[in-house]
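Worksheet: the structure to be examined is printed underneath.
The values are calculated or read from the model by the stated rules, or taken from the named source; none is laboratory data. On a predicted model such as this, the values are computed, not experimentally measured, just so you know. Glycine also receives a Cβ, built like all others from the backbone with ideal geometry; neighbour counts cover every protein chain displayed.
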Amino acid sequence: RRVLFRSMSVDPKVGWPTFQHAPLVARSAPLGTVARPLPLIVDSDPGLDDALAIAAAVARPELNLLAVTSVGGNADVHHCTENALRLLQLYGASDVPVAEGAVGPLSGPLERATEVHGEGGLGKTVLPPAQRRPDPEGAVALMARLIAASPEPVAVAPIGPLTNIALLIRSYPHLASKISHLCLMGGSVGEGNSSASAEFNIFADPVAAEIVFLSGISITMIGLDVTHHAWVDRSILPRLAALPGRSAKVAAELLTYSFERSAGWGQGERMAIHDLVAVLHLAIPDLVGVARYYIEVDATSGPARGRTIGDAWKHRLVRDGRVPNADVGLTIDRERFADLLVDTYAKLP
Ligand code: RIB
Ligand code: CA
């Protein structure tokens with residue numbers, strides 16, 4: 001495996017690195033296979049990229065999607081719940097239960113990303129109303145019931161703020177051992193997006209994120225470090241247009257909306273499909289390269305609020321008695337990622 005940073009030997013031309021890259025290592029996350037699909041719950045704030053991540057959770061034969069739970073984030077939670085129901089209906093997966101979760105963070109201000117995703121969460125796209133209604137028990141109770149009832153531990157892919165996950169951990173501590181892995185989209189060991197310090201999902205509820213990273217549950221942090229390399233541009237549109245299903249047409253609509261928004265911010269007509277990376281990591285063995293970090297969350301109210309501080313320097317970790325608590329995504333094959341997106345939608349109606 002390519003070692004990103006060999007040692008403290010300093011090349012006088014390069015100078016002394018202050019950003020400690022860590023070597024890529026074998027993944028901790030479980031891997032679904034066609035022979036043994038991975039039981040999975042997606043906790044989401046749909047959301048443009050969430051919509052594509054949920055598509056993969058439905059379509060990939062390596063995954064067994066048990067439920068989609070909603071959390072307020074990209075849009076108000078009732079929009080996110082309705083979007084989850086309508087997306088599953090579009091994907092031919094109305095049998096997958098949906099339940100509504102937290103409106104906002106455990107503490108602190110309510111953060112939304114409607115400037116990115118539109119007021120309703122899916123840009124200008126309006127999907128047919130869902131025939132089904134959400135399960136009245138609510139997100140945390142539904143997750144707990146499914147995890148408890150599962151004959152094997154269940155993986156959870158949180159791809160929005162971590163409020164529901166923190167509530168699950170605090171309300172049902174005995175179920176932590178039946179959560180096989182948290183493959184979360186969030187954070188960054190580099191810069192943020194909501195602020196220079198913080199990525200949106202963590203920024204929206206840093207207290208919840210702190211509870212999650214201190215929980216001891218096996219975690220992969222799919223942060224901006226890897227998702228900013230998981231982008232597509234307009235070249236994906238003809239590939240989706242060539243597919244027969246309505247789902248692919250909707251994906252093209254969502255992507256086009258995002259391309260236009262990002263162009264308006266001077267970022268070019270492309271979209272990083274953050275959440276899709278987290279779900280694909282559980283189905284594709286060697287798409288994402290990971291390294292081990294000790295991640296701690298700044299839950300204070302200063303300018304670094306919501307920052308996921310990543311330490312991989314063995315000297316400091318040993319000195320302070322800290323053990324890495326997460327795989328952090330660092331590398332991805334972008335061309336293959338785009339191919340997997342098209343392959344996913346080729347499987348959907
Ligand atoms: O920062 C990206 C994350 O924030 C993604 O989950 C996106 O859907 C938004 O929720
Ligand atoms: Ca999301």
Could you list, in sequence order, all residues of segment 59-97 that are assigned to a helix (DSSP H, G or I), touching a strand residue (DSSP E or B) at 6+ places or on another chain (Cβ under 6 Å) and more than 16 Å from ligand 2 (Cβ to nearest atom)?
85
Do you know which of the residues in segment 253-286 that are under 20 Å from the mean Cα position of the chain (by Cα) and small (Gly, Ala, Ser) is surrounded by the most Cβ atoms within 10 Å (Cβ to Cβ)?
278
So which residues in segment 180-194 are away from ligand 2 (no atom under 16 Å from the Cβ), over 15 Å from residue 288 (Cβ atoms) and not charged (D, E, K, R)?
180, 190
Please find, among 36, 60, 27, 86, the residue that is out of contact with any helix residue (DSSP H, G or I) (no Cβ under 7 Å at 6 or more places or on another chain) and either within 16 Å of ligand 1 (Cβ to nearest atom) or within 23 Å of residue 226 (Cα to Cα) (or both).
27
Are there any pairs with C-beta distances below 6 angstrom linking a residue in segment 47-67 that is farther than 16 Å from residue 160 by Cβ to a residue that is outside any helix (DSSP H, G or I) and among the charged types (D, E, K, R), with the two at least 6 apart or on different chains, and if so which?
59/347
So which residues in segment 105-135 are part of a loop (DSSP other than H, G, I, E, B) and acidic (Asp, Glu)?
111, 119, 135
Residue among 289, 264 that alone is free of Cβ contacts under 8 Å to residues at least 12 places away in the same chain and over 20 Å from residue 345 (Cβ atoms)
264
Residue among 108, 120 that alone is at pLDDT below 95, over 19 Å from the mean Cα position of the chain (by Cα) and within 16 Å of ligand 2 (Cβ to nearest atom)
120
Scan segment 20-46 for residues that are out of contact with any Leu (no Cβ under 8 Å at 6 or more places or on another chain) and part of a loop (DSSP other than H, G, I, E, B) and report the count.
9
In segment 280-331, what residues are out of contact with any Ser or Thr (no Cβ under 7 Å at 6 or more places or on another chain), small (Gly, Ala, Ser) and in a loop (DSSP other than H, G, I, E, B)?
283, 299, 301, 302, 312, 321
Among the residues that make up segment 213-221, is at least one of them within 22 Å of residue 31 (Cβ to Cβ), away from ligand 2 (no atom under 16 Å from the Cβ) and of a type in the set (A, V, I, L, M)?
yes
Determine, yes or no, whether residue 161 is surrounded by fewer than 24 Cβ atoms within 10 Å (Cβ to Cβ) and at pLDDT 95 or above.
no
Residues (buried (at least 19 other Cβ atoms within 10 Å of the Cβ) and among the charged types (D, E, K, R)) located in segment 113-137
none
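To keep it simple, each residue is scored yes or no on (1) away from ligand 1 (no atom under 14 Å from the Cβ); (2) among the aliphatic types (A, V, I, L, M); (3) assigned to a helix (DSSP H, G or I).
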residue	(1), (2), (3)
157	no, yes, no
217	yes, yes, no
243	yes, yes, no
250	yes, yes, yes
